[in-house]
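Structure record follows, encoded as structure tokens.
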Amino acid sequence: MIELRTPAEIEEMRPAGRFVAGVIEATSKAAAVGVNLLELDALAHEMIRKAGAESCYIDYHPSFGASPFGKVICTSVNDAVLHGLPRDYTLKDGDLLTVDFAASVDGWVADSAISVVVGTPREEDLRLIDTTRRALDAGISAARPGNRIGDISRAIADVAKAEGLSINTDFGGHGVGRTMHGEPHVPNNGRPGRGLPLKPGLVIAIEPWFLHTTDRIFTDPDGWTLRSVDGSRGAHSEHTIAITDGDPIVLTARG
């Protein structure tokens, strides 16, 4: 069921958005050569504890997961692009890292992701990250009353296709509210003027993710981490937004 939030409820969601944004900032800044992925998870776990928040991930067990996730943040490295299960891996110079985090504060959820390069960057990785960020901005700009879900999807796809990237639509954006994943699904490619009409009060996560040379993925033996079939690297950007009568509100805005 799709629920529209009142202006008062959207205000109540702001603390969750600020908290998630703060954890994304802290963990992405802590990512450095020599840092272990389990250290990043521990940092996020401690921030959850101090804030009195609740993890959306640790007990999460959807149909596509092999078991409950068991950690509080997703850390996807290089050819991993989504649902990266933190493991005993020490970051190396040039690694492309995505951190994806969702949490509940006072019963409201927010969800966000960012990709960064650890140490010395490759130009093609920076370009891929920039493409996901520009696609996210385009999707947010299309999130206005009078448009439809397909307008968000097409805005994202136009940015990706201009860079020659192919697009996977199995995983994309989604509704956010009392739980992390809800209706509607927001694919990263679609037809303008199609899909659910956008109305004030709709709260969604928009999340473009792309791989350098493929749109095909497979599940790692850990049962969670999604990797490219050809070993190419991936990047991912995500914000939780609320649609209003005017400009959308980016609840997980950083800085």
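The values are calculated or read from the model by the stated rules, or taken from the named source; none is laboratory data. Here the structure is a predicted model, which means the values were calculated and not measured. Neighbour counts are summed over all protein chains in view; Cβ atoms, including those assigned to glycine, are modelled from backbone coordinates with ideal geometry. For the accessible areas, the whole protein counts, side chains as well, though only heavy atoms, and no ligand, DNA or RNA atoms are used. Shrake-Rupley method; radii C 1.70, N 1.55, O 1.52, S 1.80 Å.
Here are the numbers for the structure shown:
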{"quantity": "Test: residue in the stretch 140-151 that is over 20 Å from residue 2 (Cα atoms) and not acidic (Asp, Glu)", "calculated": "yes"}
{"quantity": "Residues located in the stretch 91-107, provided they are crowded, with 24+ Cβ neighbours inside 10 Å and within 10 Å of residue 16 (Cβ to Cβ)", "calculated": "102, 103"}
{"quantity": "Where a residue in the stretch 127-139 is in contact (Cβ under 8 Å) with a residue 12 or more places away in the chain and open to solvent by 30 Å² or more (accessible area, probe 1.4 Å) and its partner, wherever it lies, is among the aliphatic types (A, V, I, L, M) and in a helix (DSSP H, G or I), with Cβ under 9 Å and at least six apart", "calculated": "134/159"}
{"quantity": "Residues (open to solvent by 10 Å² or more (accessible area, probe 1.4 Å) and of a type outside the set (Ser, Thr, Tyr)) located in the stretch 227-250", "calculated": "227, 229, 230, 231, 233, 239, 245, 246, 247, 248, 249, 250"}
{"quantity": "Residue that is nearest to the chain's Cα centre (by Cα), among those in the stretch 33-73 that are of a type in the set (S, T, N, Q) and over 19 Å from residue 91 (Cβ atoms)", "calculated": "55"}
{"quantity": "Considering residues of the stretch 53-63 that are open to solvent by 30 Å² or more (accessible area, probe 1.4 Å) and touching a strand residue (DSSP E or B) at 6+ places or on another chain (Cβ under 8 Å) only, the residue nearest to residue 102 (Cα to Cα)", "calculated": "55"}
{"quantity": "Residue that is farthest from residue 238 (Cα to Cα), among those in the stretch 185-217 that are open to solvent by less than 10 Å² (accessible area, probe 1.4 Å) and part of a strand (DSSP E or B)", "calculated": "211"}
{"quantity": "Top-ranked residue of the stretch 222-245 - restricted to ones that are of a type in the set (Gly, Ala, Ser) and closer than 19 Å to residue 113 by Cα, ranked as farthest from the chain's Cα centre (by Cα)", "calculated": "228"}
{"quantity": "Test set (1) more than 24 Å from residue 246 (Cβ to Cβ); (2) outside any strand (DSSP E or B); (3) not small (Gly, Ala, Ser) - residue 81 fails condition number", "calculated": "(2)"}
{"quantity": "Residue count for the stretch 140-156, restricted to those that are within 18 Å of residue 185 (Cβ to Cβ) and open to solvent by 30 Å² or more (accessible area, probe 1.4 Å)", "calculated": "4"}
